[in-house]
Amino acid sequence: MSELHREIKELIIEALGLEDISAQDIGDDQKLFGEGLGLDSVDALELGLAIQKKYGIKIDADAKDTRNHFSNVASLAAFVTAKQAA
Amino acid sequence: MPVINFNIAQWRAWAPGLESVDDWQAWSRQPVALPSCDAAPDVSFLPAMQRRRLSRLARMAFSVGWPLADGRPDLPLVFISRHGETPRTFDILSDLAADQPLSPTQFSLSVHNAVIGLWSIMRGETSEMTALAAAGDGLEHGMLEAAALLAEGAPAVLLVVTEEQPPEAYSAWIDDVPFPYAVGLLLTPGNNWQLSLNSTSDELSKAHWPHALNLLRTLLGQQTTCQHAWKNRVWTWQRNL
């Protein structure tokens, strides 16, 4: 698990109040929403906010590929890395 | 003089350290203010993913309401709170004041009917539900709502009245929540209790304890009546023996 992956998992757990889950329990490629981790639409907004705050990046909620960036931890890490480099 | 009749089939109550009937009986005999603390009721009967967002107010409402609703599908709910989710409101306002973006979770759960929405989702309950905030006699206005539902043919109505300890910043304005509490009443048609309304022009003395807890003391004790005044309204609860 890379440092960024672990950090994002911690952020998910903290921002969404997932008391009973630890970073090890979340797979890099595990789906976050629906089946998988079981997050819902309010979580999506909350996680979007947490990511923007922590990494100082802007997320366009209406952009078509935003949904893809949020599909799992690996895609989120790639998105954060790309945005920070930009 | 308007009068409504009903039975209180069962009740539940929670406050920090007061959970069982015995706890409440002891408190009723010698009521004391409870020290402020962060204790919240156990709602482990809910799946972890569902309970993670519940505030203490929601947990209090669920903890007194859930056992009363057990085995009763299609149970209408009247939820009453004068002040509601003051800790969430305060957090949101603090973020606003600091020019911070608002938490979508905090925002969506700060509205007054959030608790009944969660109740509906978690129980798959689609009966009538109402969230009331009616100043100092919300419990009685909730009883009127419940009596109307019973008169319409509901076999039972669940009433939950709850208050959260407000953040310190509100202490100059909120003086009727000595400690967080919730009371749940399972109401059924009947004549064991009657609630009547009279008006008065006199200034009546204010009760020392929140009215829902005074009612609980009446339920637990030998008294047959309990009175509550707010503005020019005097409500009399009468137990028919």
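Filter A:31/A:83; B:206/B:231; A:31/A:58; A:9/A:64 down to the pairs with a C-alpha to C-alpha distance above 19 Å, please.
Beyond 19 Å between Cα atoms: A:31/A:83; A:31/A:58; A:9/A:64.
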* Folded to 0 to 90 degrees: helix B:114-123 orientation relative to chain B principal axis, Cα -> 90 degrees
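Just order A:13-26, B:195-208 by mean Cβ neighbour count inside 10 Å, highest at the front, would you?
On the way: A:13-26: 15.1, B:195-208: 11.4.
Packing order, densest peptide first, comes out as A:13-26, B:195-208.
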* Structure fact -> Residues of segment B:155-181 with backbone N under 18 Å of the label point set 7 Å from the Cα of residue B:45 along Cα→Cβ are B:156-162
* Structure fact -> Footprinting proxy, B:91, B:70: sorted fewest to most Cβ within 10 Å, the residues are B:70, B:91
* Structure fact -> The rounded separation in angstrom of the Cα centers of segment B:111-166 and segment B:14-76 is 16 Å
* Using just the C-alpha positions of segment B:66-114 as equal point scatterers, what log10 of I(q)/I(0) does the Debye formula give at each q in 0.26, 0.27, 0.31 1/Å? -> -0.95, -0.98, -1.12
* Just order B:167-175, B:138-146 by mean Cβ neighbour count inside 10 Å, highest at the front, would you? => B:138-146, B:167-175
* Among rounded, prolate and oblate, which fits segment B:177-231 when a ≥ b ≥ c are the square roots of the eigenvalues of its C-alpha gyration tensor, a/c under 1.5 means rounded, and a/b larger than b/c means prolate? -> oblate
* Asked: When chain B is treated as a GNM, springs tying every alpha-carbon pair under 10 Å, which of B:187, B:93, B:57 comes out with the largest mean-square fluctuation?
  -> B:93
* Cα-projected label distance for residue A:64 with residue B:7, points at 7 Å along beta-carbon direction, nm -> 6.4 nm
* Asked: Cα atoms only, the protein assembly as shown: Rg and Dmax in Å?
  -> 23.3, 78
* Asked: FRET efficiency for residue B:36 and residue A:22, Cβ-Cβ distance as r, R0 = 30 Å, nearest 0.05?
  -> 0.40
* Asked: If you line up the long axis of helix B:211-220 against the longest principal axis of chain B, both from Cα atoms, how many degrees apart are they, to the nearest 10?
  -> 50 degrees
* What's the angle, to the nearest 10 degrees (0 to 90), between helix A:3-16's Cα axis and the longest principal axis of chain A? -> 70 degrees
* Would you mind ranking B:120, B:94 so that the residue whose beta carbon has the fewest other beta carbons within 10 Å leads the list? => B:94, B:120
* Calculated FRET value between residue B:223 and residue B:176, using beta carbons and R₀ = 25 Å, to 0.05 -> 0.70
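How high is the relative contact order of chain A? Use alpha-carbon pairs under 8 Å, at least six apart in sequence, and give a whole percent.
32 percent
Read the figures in this text as sums done on the coordinates, not as results from a lab. Small disclaimer: the values here were computed from a predicted structure and weren't measured. With ideal geometry, Cβ positions are generated from the backbone for all residues, glycine too; neighbour counts draw on all protein chains shown.
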